[in-house]
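Novice: Below you'll find the structure I mean.
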Amino acid sequence: MQYRKHSRKEIKKRRLAGIRRKTIQSQLTKSSATKLFYDLLADMDTDQFNAGNYTVPQSKTVLRKAKSDWNLHDVQHKDPFTELCIVSEILNECEIEITKLGIRGYVQSITYSLVSVVMFTYQSLLAVKMNIQHGDGVLYIDATGSVAYLARNKRQHLLYYAMGIDEQGTAVPVLEFILDHRTTAAIVNTLMLYFSILRKLTKFCQPKRVELDFSWAIIHSILLVLNCSAIHVYIRYCYNVAMSSLAPNPDITVVHICAAHMMKAFWDNIRDKFSDKCIRQNALKAFALLQNSTEVPELDDIWRMIVVLFGTRVETASVSAALQRFKAMPMNTEVDEDETNADSDSSMRNEDEEAFLLIGRWCSGSDYVESGNYEDNNYFEPIVLEVLQNQYLPLVCLWSGLLVGDISRHMSNNDCDKLLTRDTNSTCESWFNVVKSSLLGKHGPQRIGLFVKTVYKDVKGRLREYLGDAELKGKETTPVPDTMHQATEGWRRK
């Protein structure tokens, strides 16, 4: 095939229109105009390039114009709230609307003065019902940023909250909401809307445990909505259950802080207090041992060992025994020192000092100082004990394994072989990774309306998969005949 030769001043070009324009625009959604131009230019036939027929790769200006037209077509309206309302109406037509329950579709609520967008469907309520009734009854909730915005020229940070369930390592979001302010009131309003509708739908509306981030706003909100109690009342209840003086109440949801977030919060707290990395690692290991405790006697025993090791100035026989035991306990506590966690708050706000002192009473160590001449104890760091005693042990029921798993074990003498000692919020983190890496990709944060539309399809598919699997597991399957001769028609058995 021969190409007609054109002069460099008269390079022949072809208009980008029709099917070819749509194809190029779809490619531009995954690549920039400049990159696509050079990719097409590299794949261009050499004879065609020498002849001056630039018909395969359009110019950069044309590609940028095509991408701009595609973006404008994707925008429903210039005003972000109007666009959000349009997207809400479009998506609500795709979902079931149940007036008795107050379910509108996918986007349930939109507020403007304080930005709030609440998203869930009827299928998400069924998923929570199935999880509480037949599953482990554990919900995971967390928040992230840098996924949606109102306008690029306004520095208004939007937080994307997600509450989900774990289905064999797959995150299934059942509630999503976007806020521009992290307050207890805003989160409580959203959770009240969701769980009030869930209570109308089914009696299986009280989750057994909620795994959450180390955020006081989320902690207070979960306690107020699900348990109708303040933090100090719940702490007193946890203490009585752990001490086997009170039977667990099935109508009270266990609130547990993610083990990874707590570990990171403790690391950030001691990082500036100690310059020696070895001391920080030993303190972190001590915290991890307390975190993995599932019984009060075990926790008390580990705490006393830590008091001897870090609270005795000289290396006595008790210190040597505690050190030998401390080293024999394997625990992987490596933490990246360059990593920061701005969401964690290591300060404890006490509302009822008496309730916290009840828990700290059995965490206090005895005086282990012995008489004699001994060498200095290299592990002597009373600041570690001070931080643990004053800031973390009062809330030990929130972050340790005391109330993780079957908490009825505290009222019985039966020893469980396999106890769940810790749990993390990896389900939410996995979903956030899907949103940022797969759904948003290299484009980064999207307008709030476009973000809602982007997330909707993936959430709908995950809910269908979960409900389909749950329905198959719940049905009684009839046995399949071994051979074709054993198969008979149903009408012959009548």
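The values are calculated or read from the model by the stated rules, or taken from the named source; none is laboratory data. Predicted model only: the values in this text are computed from it and were never measured. Cβ sites come from the backbone with ideal geometry, for glycine too, and all protein chains shown count toward neighbours. Accessible surface is based on the protein model in full, side chains and every heavy atom, while ligands, DNA and RNA are left aside. Shrake-Rupley method; radii C 1.70, N 1.55, O 1.52, S 1.80 Å.
Novice: Note down all Cβ pairs under 7 Å where the first residue falls in the stretch 79-92 and is within 11 Å of residue 107 (Cα to Cα), the second is in a helix (DSSP H, G or I) and open to solvent by 50 Å² or more (accessible area, probe 1.4 Å), and they're at least six residues apart or on different chains.
Specialist: What qualifies is 87/453; 91/453.
Novice: Out of the stretch 231-245, which residues are charged (D, E, K, R) and either open to solvent by less than 10 Å² (accessible area, probe 1.4 Å) or within 19 Å of residue 294 (Cβ to Cβ) (or both)? Talk me through it step by step, then tell me what you get.
Specialist: Filtering the stretch 231-245 for residues charged (D, E, K, R) gives 236.
Correct list: empty.
Novice: Residue 100 - would you say it is over 26 Å from the mean Cα position of the chain (by Cα), at pLDDT 80 or above and open to solvent by 50 Å² or more (accessible area, probe 1.4 Å)? Can you show your working first?
Specialist: Numbers: over 26 Å from the mean Cα position of the chain (by Cα): yes; at pLDDT 80 or above: yes; open to solvent by 50 Å² or more (accessible area, probe 1.4 Å): yes.
Yes.
Novice: On to the next question. If you go through the stretch 159-173 one residue at a time, do you hit one that is over 18 Å from the mean Cα position of the chain (by Cα), surrounded by fewer than 18 Cβ atoms within 10 Å (Cβ to Cβ) and closer than 28 Å to residue 260 by Cα?
Specialist: Filtering the stretch 159-173 for residues over 18 Å from the mean Cα position of the chain (by Cα) gives none.
The answer is no, given that none of the residues of the stretch 159-173 is over 18 Å from the mean Cα position of the chain (by Cα), surrounded by fewer than 18 Cβ atoms within 10 Å (Cβ to Cβ) and closer than 28 Å to residue 260 by Cα.
Novice: I've got another one for you. Anything in the stretch 132-154 that is at pLDDT 90 or above, over 23 Å from residue 433 (Cα atoms) and open to solvent by less than 50 Å² (accessible area, probe 1.4 Å)? List them, or say none.
Specialist: 132, 137
Novice: If a residue must be of a type in the set (Phe, Trp, Tyr) and modelled with pLDDT under 95, how many such residues does the stretch 155-167 contain? It would help to see each step written out before you state the result.
Specialist: Start the filter on the stretch 155-167 by keeping residues that are of a type in the set (Phe, Trp, Tyr), which leaves 160-161.
From the residues that got through so far, the ones that are modelled with pLDDT under 95 too are none.
Residues flagged as of a type in the set (Phe, Trp, Tyr) and modelled with pLDDT under 95 within the stretch 155-167 amount to 0.
Okay, residues lined up against (1) open to solvent by 50 Å² or more (accessible area, probe 1.4 Å); (2) within 24 Å of residue 304 (Cβ to Cβ); (3) modelled with pLDDT under 90:
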{"position": "203", "(1), (2), (3)": "yes, no, no"}
{"position": "212", "(1), (2), (3)": "no, no, no"}
{"position": "226", "(1), (2), (3)": "no, no, no"}
{"position": "229", "(1), (2), (3)": "no, no, no"}
{"position": "261", "(1), (2), (3)": "no, no, no"}
{"position": "266", "(1), (2), (3)": "no, yes, no"}
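Novice: With the condition kept exactly as written, say whether any residue in the stretch 269-279 is within 26 Å of the chain's Cα centre (by Cα) and free of Cβ contacts under 8 Å to residues at least 24 places away in the same chain.
Specialist: There is no residue in the stretch 269-279 that is within 26 Å of the chain's Cα centre (by Cα) and free of Cβ contacts under 8 Å to residues at least 24 places away in the same chain.
Novice: Follow-up question, since we're still on this one. Checking residue 343 against (1) modelled with pLDDT of 50 or more; (2) under 32 Å from the mean Cα position of the chain (by Cα); (3) at negative phi, which test does it fail?
Specialist: All conditions pass for residue 343, except number (1).
Novice: So how many residues does the stretch 440-468 have that are open to solvent by 30 Å² or more (accessible area, probe 1.4 Å) and either out of contact with any strand residue (DSSP E or B) (no Cβ under 7 Å at 6 or more places or on another chain) or closer than 17 Å to residue 144 by Cα (or both)?
Specialist: 14
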